[in-house]
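Okay, structure first, notes after.
The values are calculated or read from the model by the stated rules, or taken from the named source; none is laboratory data. Remember, it's a predicted structure, so these values are computed and weren't measured experimentally. Please note: Cβ atoms are built from the backbone with ideal geometry, for glycine as well, and neighbour counts cover all protein chains shown.
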Amino acid sequence: MDDQRIIERTTVMKDIKIAATNVNVFYGDTHAIKDVSVGIEDKAVTAFIGPSGCGKSTFLRCLNRMNDTIDIARIEGKIELDGEDIYDKRVDPVQLRAKVGMVFQKPNPFPKSIYDNVAYGPRIHGLSRNKAELDEIVEKSLRRGAIWNEVKDRLDQPGTGLSGGQQQRLCIARAVATEPEVLLMDEPCSALDPIATAQIEELIDDLKQRYSVVIVTHSMQQAARVSQKTAFFHLGDLVEYGETGHIFTNPEDSRTESYITGRIG
Amino acid sequence: MTDATITPVPSPPKTPLTEADPRTKKRNAAEKRFQYYGIAAIAVGLFFLIVLMVSIVRSGLPAFTQAVVSVDFTLTEEQYDEAEAQLFKTAAYQSYFNAVLREELRERGLDVDFDEAAIERILGKTGGTLREFFRANEDQLGQPVSFELSASSRVDGYFKGRVTREALQDSRFLQQSDLDLVDALADAGIVFSALNWNFITGADSGVDNPGGAGIGASVVGSFFMMLVVLFLSLPIGVAASIYLEEFAPQNKFTDLIEVNISNLAAVPSIVFGILGLAVFIQFMHLPQSAPLVGGLVLALMTLPTIIISTRASLKAVPPSIREAALGVGASKMQAVFHHVLPLAMPGILTGTIIGLAQALGETAPLLLIGMVGFVARGYPDGFVAGFTDPNSAMPAQIYTWAARADVSFYEKAWGGIIILLVFLLTMNAIAIILRRRFERRW
Ligand SMILES: Nc1ncnc2c1ncn2[C@@H]1O[C@H](COP(=O)(O)OP(=O)(O)OP(=O)(O)O)[C@@H](O)[C@H]1O
Ligand SMILES: [Mg+2]
């Protein structure tokens with residue numbers, strides 16, 4: 001990984017959008033996340049990297065309470081969104097998920113038309129007043145998902161009939177259609193070719209202007225390219241968290257160094 | 001992986017692709033064998049299905065025809081007044097009829113003699129039928145009226161080959177000489193086999209009148225019962241399954257409910273009948289023998305079937321769909337109703353149709369709430385009455401007929417089974433069309 005072009009970025013202190021303190025997650029007896037504390041910045045891209053099974057997805061799913069749907073999952077600790085505890089009893093996870101959108105690791109389009117896939121979120125949240133507005137949202141979202149040109153003539157065909165990479169981009173379009181404040185992306189580019197990947201990275205870059213983006217990736221280059229902050233997870237521990245440039249050029253922990261240079265994983 | 005030492009491995013001997021090795025041969029043989037088993041199993045199934053269908057159709061089809069005597073009969077006003085003045089009024093009509101029949105035969109040059117008793121054995125008491133008609137339609141007096149009178153069950157049997165000359169022993173029901181008359185009448189075209197509309201549309205008759213028995217009224221009874229079953233068990237069953245599958249917490253209590261529902265599906269239907277008798281009739285005082293009560297009992301019986309199949313099809317919907325919906329900020333209920341339920345719908349419909357088909361063919365619980373026996377007297381006079389008027393149901397009617405002494409009721413029972421199957425197939429066809437609808441939505 002010597003050919004990585006890592007640009008020393010100027011460090012700007014930004015607001016913390018999501019603050020996690022001492023988060024522990026258990027799946028039954030499995031301790032999947034061990035005492036993780038992390039502050040995710042607003043208007044920035046945070047990358048989660050780490051070997052397979054280290055808990056990246058698990059931690060990501062804590063951030064929009066997606067783990068609530070898993071019966072055996074148990075979460076301890078505190079996660080705050082703009083200073084509000086999202087695990088507070090009074091918080092409605094549905095409202096939270098409208099603000100914290102998610103793209104899942106496995107593409108999961110609805111078995112409905114491409115149009116309906118994207119329009120579903122705006123519809124249930126009442127983001128459009130009429131059909132024309134909805135059409136506009138759908139087109140804009142599909143463009144941002146870098147898939148508009150491929151599907152513009154077949155919007156009424158099932159989203160499940162697309163190729164794997166197209167499905168993933170459709171899911172990205174679906175997630176951005178609801179205009180979330182935070183977008184959690186779990187390996188969004190794992191099934192994409194370099195061109196689509198570049199388009200998605202462009203989208204992420206664009207989203208960063210307004211939102212906070214968290215991306216899980218197995219590609220060191222991608223993490224280095226798109227993120228400002230990087231968190232390295234290993235066996236449920238948050239080993240190292242900091243400026244992306246710093247992590248990639250000057251990791252403090254030996255495990256981080258081994259991982260980014262390709263020796264563990 | 002960088003420090004893995006590579007030792008040279010001898011390359012395996014080359015095997016030609018065009019020739020199957022022993023392992024492949026063995027696997028292919030196993031696959032072939034399995035396919036043969038499958039084909040054999042299907043063939044056996046088909047064979048029994050065909051045997052069943054052929055025997056049902058063969059035994060049941062005669063029920064749809066009926067030997068009738070067709071006579072043009074004119075009754076003048078004087079005859080009418082005269083007959084009405086007599087003490088034995090129907091006997092008077094009977095003798096008029098006999099005269100007409102005699103005349104008819106002579107006109108055609110047929111020379112068979114018969115007495116009143118023979119006509120009564122062949123046609124039953126025609127006088128009563130005639131009198132009833134003319135009293136109701138006095139304006140038809142003096143005009144020729146064409147009557148189609150159904151022949152007695154034995155004569156009908158003679159036409160269908162059930163009664164033969166050789167086997168017939170003279171009795172007060174039918175005698176050898178009557179058959180000569182019947183043959184003559186048949187040659188003259190006065191007696192012939194006609195489609196028995198009354199069987200399809202009519203109601204049950206008394207034990208002594210198999211010719212007049214029809215299944216129509218109990219078809220209506222079954223129809224209203226199915227309405228009750230469908231509109232009770234489908235919404236309740238689906239709602240219960242959605243709650244149990246998607247919302248209910250997993251604990252001892254829900255486990256207990258789950259076990260009980262599965263057990264309920266295995267409870268003998270007669271138990272539901274006793275329950276219906278005790279709860280709906282004796283305690284709630286709902287009308288006896290009514291399709292409403294029958295429907296309630298059958299709905300209870302169908303519920304577990306629907307719940308089990310609905311839960312299975314909800315379980316089969318991939319969790320990623322639910323996550324996708326929740327991920328864009330749908331509530332749990334929205335996720336279920338917008339995404340999960342439409343996908344589960346084909347399975348739910350399959351379960352429903354199995355449950356309904358079971359309910360349609362159920363006899364035992366109906367025995368206990370009084371929907372058997374001579375109750376299907378006629379059609380209900382309205383939609384509401386359809387639920388509350390005493391009626392029978394098809395299987396109960398078939399059961400009643402099969403239990404009666406006269407052999408032609410036995411034939412009616414088979415005919416009833418054909419109607420029952422047609423009803424069932426119609427129901428299934430509707431369900432399949434509906435399921436297609438849902439499947440087309442991906
Ligand atoms: N639903 C679940 N039930 C039980 N254990 C789970 C569940 N989901 C994840 N785990 C466990 O939690 C640990 C972390 O899993 P997680 O999916 O977060 O890994 P990951 O870092 O996303 O890996 P990958 O890069 O392969 O996606 C793993 O050991 C996994 O076995
Ligand atoms: Mg993962």
- Item | Hits in region B:396-442 - residues which are in contact with a strand residue (DSSP E or B) (Cβ under 7 Å, 6 or more places away or on another chain) and at pLDDT 90 or above | none
- Pick from region B:175-203, criterion in a helix (DSSP H, G or I) and hydroxyl-bearing (Ser, Thr, Tyr), ranking: farthest from B:LEU105 (Cα to Cα): B:THR201
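Considering only residues that are within 12 Å of chain A (Cβ to nearest Cβ) and either buried (at least 21 other Cβ atoms within 10 Å of the Cβ) or part of a helix (DSSP H, G or I) (or both), which ones fall in region B:297-323?
Taking region B:297-323 and keeping what is within 12 Å of chain A (Cβ to nearest Cβ), we get B:317-323.
Hits for region B:297-323 are B:PRO319, B:SER320, B:ILE321, B:ARG322, B:GLU323.
In region B:324-340, what residues are within 7 Å of another protein chain (Cβ to nearest Cβ), in a helix (DSSP H, G or I) and crowded, with 19+ Cβ neighbours inside 10 Å?
The first filter runs over region B:324-340 and keeps only residues within 7 Å of another protein chain (Cβ to nearest Cβ), leaving B:324, B:326-331, B:334, B:339.
Checking the rest, the ones that are also in a helix (DSSP H, G or I) come to B:324, B:326-327, B:334, B:339.
Those that are within 7 Å of another protein chain (Cβ to nearest Cβ), in a helix (DSSP H, G or I) and crowded, with 19+ Cβ neighbours inside 10 Å: B:ALA324, B:LEU326, B:GLY327, B:HIS339.
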- Query: Any residue in region A:211-233 that is modelled with pLDDT under 90 and of a type in the set (Val, Ile, Thr)?
  - Reply: no
- Note on the structure: All conditions in (1) within 24 Å of B:ASP72 (Cβ to Cβ); (2) among the small types (Gly, Ala, Ser); (3) touching a residue at least 12 places away in the same chain (Cβ under 8 Å) are true of B:GLY221 except (1)
- Item | Number of the exception - A:SER37 against (1) without any contact (Cβ under 8 Å) to a residue 12 or more places away in the chain; (2) outside any helix (DSSP H, G or I) | (1)
- Query: Among the numbered criteria (1) within 16 Å of ligand 1 (Cβ to nearest atom); (2) part of a helix (DSSP H, G or I), which single criterion is violated by A:ILE200?
  - Reply: (1)
- Scope region A:218-257; condition more than 16 Å from ligand 2 (Cβ to nearest atom), part of a helix (DSSP H, G or I) and within 21 Å of A:VAL36 (Cα to Cα); matching residues: A:THR244, A:HIS246, A:ILE247, A:PHE248, A:SER254, A:ARG255, A:THR256, A:GLU257
- Counted residues, region A:41-61 - those being buried (at least 24 other Cβ atoms within 10 Å of the Cβ) and more than 19 Å from A:TYR259 (Cβ to Cβ): 2
- A:PHE104: passes all of (1) within 16 Å of ligand 2 (Cβ to nearest atom); (2) in contact with a Phe, Trp or Tyr (Cβ under 6 Å, 6 or more places away or on another chain); (3) within 21 Å of B:PRO342 (Cβ to Cβ) but (2)
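Is region A:36-48 home to any residue that is out of contact with any Pro (no Cβ under 9 Å at 6 or more places or on another chain), within 14 Å of chain B (Cβ to nearest Cβ) and either closer than 13 Å to A:VAL214 by Cβ or away from ligand 2 (no atom under 15 Å from the Cβ) (or both)? If you could, list the steps in order and put the result at the bottom.
So in region A:36-48, the residues out of contact with any Pro (no Cβ under 9 Å at 6 or more places or on another chain) come out as A:36-48.
Now restrict to residues that are within 14 Å of chain B (Cβ to nearest Cβ): none.
No, there is no match, as no residue in region A:36-48 is out of contact with any Pro (no Cβ under 9 Å at 6 or more places or on another chain), within 14 Å of chain B (Cβ to nearest Cβ) and either closer than 13 Å to A:VAL214 by Cβ or away from ligand 2 (no atom under 15 Å from the Cβ) (or both).
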- For B:PHE283, indicate whether it is at pLDDT 90 or above, surrounded by 17 or more Cβ atoms within 10 Å (Cβ to Cβ) and in the same structural domain as B:LEU349 (by TED's automatic domain parsing). no
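Does A:LEU170 satisfy being within 11 Å of chain B (Cβ to nearest Cβ), touching a Leu at 6+ places or on another chain (Cβ under 8 Å) and more than 25 Å from A:LEU81 (Cα to Cα)?
Details: within 11 Å of chain B (Cβ to nearest Cβ): yes; touching a Leu at 6+ places or on another chain (Cβ under 8 Å): yes; more than 25 Å from A:LEU81 (Cα to Cα): yes.
Judged against the criteria, A:LEU170 is a match.
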- Message: Looking only at region B:390-442, how many residues end up being in contact (Cβ under 8 Å) with a residue 40 or more places away in the chain, assigned to a helix (DSSP H, G or I) and within 14 Å of another protein chain (Cβ to nearest Cβ)?
- Response: 2
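Regarding region A:75-90, can at least one residue be identified that is facing chain B (nearest Cβ under 9 Å) and away from ligand 2 (no atom under 16 Å from the Cβ)? Full working, then the answer.
Let us first name the residues in region A:75-90 that are facing chain B (nearest Cβ under 9 Å), namely none.
No, every residue in region A:75-90 fails to be facing chain B (nearest Cβ under 9 Å) and away from ligand 2 (no atom under 16 Å from the Cβ).
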- Message: Being farther than 14 Å from B:ALA194 by Cβ, aliphatic (A, V, I, L, M) and not in a loop (DSSP other than H, G, I, E, B) is the filter here; which residues of region B:62-90 pass it?
- Response: B:ALA83, B:ALA85
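Please verify whether region B:332-343 includes one or more residues that are in contact (Cβ under 8 Å) with a residue 60 or more places away in the chain and either touching a strand residue (DSSP E or B) at 6+ places or on another chain (Cβ under 9 Å) or farther than 30 Å from A:LEU183 by Cα (or both). Break it down into steps so the answer makes sense when it comes.
Start the filter on region B:332-343 by keeping residues that are in contact (Cβ under 8 Å) with a residue 60 or more places away in the chain, which leaves B:332, B:336, B:340-342.
Adding the requirement that they be either touching a strand residue (DSSP E or B) at 6+ places or on another chain (Cβ under 9 Å) or farther than 30 Å from A:LEU183 by Cα (or both) leaves none.
No; the residues of region B:332-343 include none that is in contact (Cβ under 8 Å) with a residue 60 or more places away in the chain and either touching a strand residue (DSSP E or B) at 6+ places or on another chain (Cβ under 9 Å) or farther than 30 Å from A:LEU183 by Cα (or both).
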- Quick one: is A:LEU63 touching a helix residue (DSSP H, G or I) at 6+ places or on another chain (Cβ under 7 Å), aliphatic (A, V, I, L, M) and more than 9 Å from every other protein chain (Cβ to nearest Cβ)? no
- Can you pull out the residues in region B:113-139 that are surrounded by fewer than 16 Cβ atoms within 10 Å (Cβ to Cβ) and assigned to a loop (DSSP other than H, G, I, E, B)? B:ASP113, B:ASP115, B:LYS125, B:ASN137
